[in-house]
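Any read-out appearing in this document is the output of simple, stated calculations on the displayed coordinates, not a laboratory observation. What you see is a predicted model, and the numbers here were worked out from it, not measured in a lab. Methodologically, a virtual Cβ is constructed for each residue, glycine included, from the backbone with ideal geometry; neighbour enumeration extends over all protein chains shown.
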Amino acid sequence: MLKIYGNPLSIFVNKVNFLVVYLGLDHEFIELDPRKGDLKSAEFLVINPVGKMPAIVDGDFNLTESLAIMRYLADKNNSDLYPKALEERAVVDQWLDFTTVHIGTSLLKIAVNKVFYKIFNMEPDLRSLKEGEESMIRFLPIVEKQLQKNKYVCGDKLSLADFSLLASLGLTDAMDYSLSDYPALSSWLKDLRAMEFYQTYGKDIPAVLKSMMV
Ligand SMILES: N[C@@H](CCC(=O)N[C@@H](CS)C(=O)NCC(=O)O)C(=O)O
């Protein structure tokens with residue numbers, strides 16, 4: 001059976017978990033607790049020598065990196081969330097990269113300094129927080145424009161890019177980051193959250209994260 005290693009509070013892990021639940025794949029989730037050193041245990045370092053989550057073990061096949069795992073699982077299960085046609089696939093790849101590199105990285109700077117530092121007893125880095133907030137203001141309007149034209153990130157069909165964006169932006173509530181300047185994005189978020197996969201897995205994550213901050 002497919003084994004997924006990670007923690008449900010991780011943006012990167014949730015990209016994979018949303019997909020797996022959406023596709024209804026039989027799997028075992030092995031929860032790792034970074035605070036207990038699980039990511040650096042000898043056992044986990046065999047699965048991912050980088051000591052980062054997520055990682056999967058699928059039979060005797062082992063894979064790391066959230067986007068590579070998403071692409072692998074979508075292709076293995078012949079899912080149209082990752083289209084086969086060259087240009088359509090390239091557009092999904094473009095938005096997977098954009099949502100990860102630009103939105104995800106910006107949001108992570110905010111999350112680390114507004115949320116995770118409390119959980120991990122770290123000092124917030126105010127310069128990094130400011131960089132995160134400034135780049136969100138730079139990049140979110142791009143996604144807003146895209147969602148004003150389209151129902152989903154890549155057009156009228158749901159794709160891997162929607163799960164990638166949801167994993168990041170789904171945490172905005174936990175960090176009291178308002179999306180009210182982005183009506184199309186807010187409506188997209190509401191639609192995705194109403195879907196069965198999110199109701200099954202995901203809906204409690206922002207509240208759990210928030211409760212850990214106190
Ligand atoms: N590029 C990796 C990033 C994974 C990543 O940074 N995961 C974080 C959790 S959100 C982690 O494991 N951090 C532990 C560490 O950096 O030691 C991916 O997309 O899977």
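Simple spin-label estimate for residue 151 and residue 41 gives 4.3 nm between the two label positions (7 Å along the Cα-to-Cβ direction from each Cα). Given +1 at the Cβ of Lys and Arg, -1 at the Cβ of Asp and Glu and no other charges, the dipole of the chain around its Cα centre is 360 debye to the nearest 20. For a test of the definition: using alpha carbon positions, the gyration tensor, and the 1.5 limit on a/c, classify the chain as rounded, prolate or oblate. Because a/c hits 1.5 or more and a/b fails to exceed b/c, the chain counts as oblate.
Note on the chain: dipole from Cβ charges, positive end direction compared against 194, 7, 102; the farthest Cα belongs to 102. Each principal axis of the Cα cloud of segment 2-76 was taken in turn, and the coordinate range along them, longest first, works out to 31, 26, 19 Å. Couplings 3J(HN,Hα) of segment 122-137, computed from phi: 10, 8, x, 9, 5, 5, 5, 4, 5, 4, x, 5, 5, 6, 4, 5 Hz, in residue order, whole Hz [Karplus 6.51 cos²θ - 1.76 cosθ + 1.60, θ = phi - 60°; x for Gly and Pro]. What residues from segment 101-119 fall in the zone where the backbone N is under 19 Å from a label point 7 Å along the Cα-to-C-beta line of residue 127? Within reach of a label on residue 127: 106-114, 117.
Taking the charge dipole of the chain about its Cα centre, with +1 at Lys and Arg Cβ atoms and -1 at Asp and Glu Cβ atoms, the residue from 169, 74, 39 reaching farthest to the positive side is 169.
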